[in-house]
1. According to the Kirkwood expression over distinct Cα-Cα pairs, how big is the hydrodynamic radius of the stretch B:213-270, in Å?
2. For the stretch B:85-124, compute Rh as the Kirkwood radius over C-alpha pairs and then the Stokes-Einstein diffusion coefficient at 10 °C and 1.306 mPa s; write the answer in µm²/s, rounded to an integer.
3. With loop defined by DSSP as not H, G, I, E or B, and exposure as at most 10 other Cβ atoms within 10 Å, which is the longest segment of chain A clear of exposed GluC sites (Glu not before Pro)?
4. At a Cα cut-off below 16 Å, give the aspartates and glutamates reachable from B:Lys168, other chains included and same-chain residues fewer than 8 away excluded.
5. Rg and Dmax of the stretch A:109-227, using alpha carbons, in Å: what are they?
6. How far is helix A:325-336 tilted, in degrees, relative to the longest principal axis of the Cα atoms in chain A, given as a value from 0 to 90 rounded to the nearest 10?
7. What does the charge count around B:Ala45 come to, taking other residues whose C-beta lies under 14 Å from its C-beta (Lys +1, Arg +1, Asp -1, Glu -1)?
8. Where Lys and Arg each count +1 and Asp and Glu each count -1, what net charge lies around A:Pro94 among other residues with Cβ under 10 Å from its Cβ?
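Just so it is clear, none of the values below were taken in a lab; they were calculated from the coordinates. Being a predicted model, the structure only gives us computed values, none of them experimental. Cβ coordinates were reconstructed from backbone atoms using ideal geometry, including for glycine residues, and neighbour counts include every protein chain displayed.
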There are 2 protein chains.
Amino acid sequence: MSNALPSEGMDMVSRQLLRQLKDILGSDGLLSDPADLVGYAGDAAGGLPEVLPDVVVLPTQTEQISRILTLASAHRVPVYPRGAGTNLSGGVVPLEGGIVLCTVRMDRIRRLDPVDMYAVVEPGVVIEDLNRRAGEHGLLYPPDPGSVATATMGGSVAEGSGGLRGLKYGVTRDYVLGLEVVLADGRVVRVGGRTIKNVTGYDLVRLFVGSEGTLGVITEITVRLIPAPEASATFLATFDDLGRAGRAVADIVGAGVLPATLEIMDDYTLACVEEHAALGLPTDAAALLLIEVDGPRETVEIEAATVEEVCARAGARSVQRARDRAERDRLWAARRAALPALARRRPVTILEDITVPRSKVAEMLTFIREIAARYGLEIGTFGHAGDGNLHPTILVDEIDDRVEAAVRALVGRALALGGTLSGEHGIGMAKAPFLVEELGREGVALTSTIKRALDPLNILNPGKFPGRWRG
Amino acid sequence: MSNALPSEGMDMVSRQLLRQLKDILGSDGLLSDPADLVGYAGDAAGGLPEVLPDVVVLPTQTEQISRILTLASAHRVPVYPRGAGTNLSGGVVPLEGGIVLCTVRMDRIRRLDPVDMYAVVEPGVVIEDLNRRAGEHGLLYPPDPGSVATATMGGSVAEGSGGLRGLKYGVTRDYVLGLEVVLADGRVVRVGGRTIKNVTGYDLVRLFVGSEGTLGVITEITVRLIPAPEASATFLATFDDLGRAGRAVADIVGAGVLPATLEIMDDYTLACVEEHAALGLPTDAAALLLIEVDGPRETVEIEAATVEEVCARAGARSVQRARDRAERDRLWAARRAALPALARRRPVTILEDITVPRSKVAEMLTFIREIAARYGLEIGTFGHAGDGNLHPTILVDEIDDRVEAAVRALVGRALALGGTLSGEHGIGMAKAPFLVEELGREGVALTSTIKRALDPLNILNPGKFPGRWRG
């Protein structure tokens, strides 16, 4: 992170503003020593510039955030909201310097109601911590991004994150019932509520979910919880042919089974994971599927039989069921190791997030292979195949024309197949150059209209979508 | 409907504009004879003024709608979009006259993809027709408002409607993947797509879902379908005490069963239904619960046993399982007859749509009784108890102070219990006076900001929320 650039507007934060911020936060709620700023220059996305902010604020209350934004508006200083920074699109990079507003110190679970099955949390609560508490009541918060052990609820809601359970349980936007948000000018607004049915006015909740810190700072989140499934069964299916694995994905769902998780990993990723973690995976396979069905015990057994049968019929070399908790944990550890294992191979990791209709997964996988060959690139692919959400990951020493051409080709094909350029990682800086290809000029114009209406001074996360970042 | 008022701006539509509209639509796509306009003066909500539009347009293509809105913008003439007009909040009443834009002639199912499980429909497709087609492929479109047999997809999406299956399957907003929308100035924008995971830019899909025709005209809808459940079991549970029925609702869900449907009907409603339809319901009971569990056959049997046991433990007088299709249909006919049966009792029907957290259902039911007694009003209550979504229905000869005081008390209590004033019927005219009580001044201001940004001339459904209608 020593390569973080000083921001263009290095002196955006005047001595006067710094003093005012200290008055709000106290000296332990503010970082301005350059050595302390380095950790706030970027996020987990690779291949993107990092930029040092002028100051980092660590508020503990909504009222402080309101005052910070009022000040920032008065001084016209950019504010970059962030959580733990595990996001994968450069969304939190403080491109124009100014203030990074990090909500990790707001980490209380304010309420967990096991009868009405909802939780009220502060934005800095770690996703896994919420699930630990929910689990004590036999409940589950389903959204499950790869980074659950460190990612915060605030960041996850702002990014609209997806994860491993999307196929059966949906994504973050499906679980947020209500929000408290501080708007760009410091006003505090509460939207939504605690009930699932609520059509009072516009869907302001989902306006903020996935808005990537460009419309407001999320300061409280009410989420729906569901009864945790009684049982589960986990499978590792091995294939000698990538396309065949892709077709098995569509066949499983076509057979009426909606697995909680249906993940794919290609041979390249598999080799990296095995080298990294030595879990005893079959490195001579062309692809793996990791499948988990869950629900009432009896249903799980019926669906488990269907999964085994469909995989065999689709030409799987083997289908192996995890016999116990330890084996299941080993399989999931392998899946969660995919990105870190790939990222160790080369200095630069370009992680894509394309999503296609499920029936096009096999075609997309084949196309990724063609692109790797055409441009002489190493590309490992893993992802949420059941959702059609694939993460082809390009590994290079540095970004060059080949990388850019490959990314453009992958995005173009995903859109041509009726898909999207981002299933769950968001736009940030990484995908901003492609926004218009998916939304069209009218869609980008509408996006800009909303941004201007809510943040007319453009102080919230400026320089990202729908702004001027052009890669 | 002979009591429909002429609109304030009766001559909003000039001869020139009328000629231009005829050029776009042809003579069979436009109604301007006063006798033909009467059917477009109101909707299914009771106790609200109806207003005659100047002209009704019946487009068949998106491009026509784009030209109509371009013209309306140029002439500053209001446009009131509508489908079949089954909505229950006065949302489609053309308060300021002008143009009613009715999309019922756009009624084609453009695509139904059984592999990727989505459908692309025009706004005039009737919900039940989509489900008939989906059923041929073993699929289901779950949102199920009471008016499925006539309500259109466009109206249902614009209202964000809920219905009988909300508890287990969610509501309309959970099933819309993509939209084509014509904006106020005639621009056509496509938002969302076909995949469940999609975080490219703001959630523009849900910005329009439930926007009640105030932000754009929906011209194409892509919805997610799910595999139809294999089996179901339907129960009628009878209670001698309303509060006990309310508690049984929370107990069923607390026992880990999420019924597809969990409906309540009080004794007053019960008597009306029985008088109306003579279905052999137990008119001496204080309340009925109608419960349906669905899913894989084995799971259904397990859940059915739990439902019977929990109801018995909660003090049900009897729990009766529908033995066959005919008995099940009879029970559902009773439920769907609730509103029409109540509405026949008195000239004016005031239907509320309050929603409270599930654990507060018993308390809310008791409070409704108190209010009926306090103001000497006849109130029948039915609704989606599992969602906490209750429809207390006030039946009077004419609206007076007692009615207004009662409505205010019901809304106030619902909000105090952590609920919402509208679970599924929307704001329209009926709930507009209460908007600020739920959203607060900041929330209403944010709503207005969005409205102004998307419809700066205020030509789309003007006079409704967040506008000036004040009851």
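1. Across the stretch B:213-270, the inverse of the average 1/r is 15.4 Å.
2. Once the numbers are plugged in, D ends up at 126 µm²/s.
3. On the way: sites that count: A:Glu136, A:Glu398.
Result for the longest clean stretch: A:137-397.
4. Within the straight-line cut-off, B:Lys168 pairs with A:Asp116, A:Asp174, B:Asp144, B:Glu230, B:Asp251, B:Glu263, B:Glu292, B:Asp294, B:Glu303, B:Asp387, B:Glu424.
5. 13.2, 41
6. Helix A:325-336 sits at roughly 60 degrees to that axis.
7. Working: positive: B:Arg82, B:Lys431, B:Lys464; negative: B:Asp43, B:Glu50, B:Glu159, B:Glu212, B:Glu352, B:Asp353, B:Glu424.
Spelling it out: positives minus negatives among the neighbours equals -4.
8. -2
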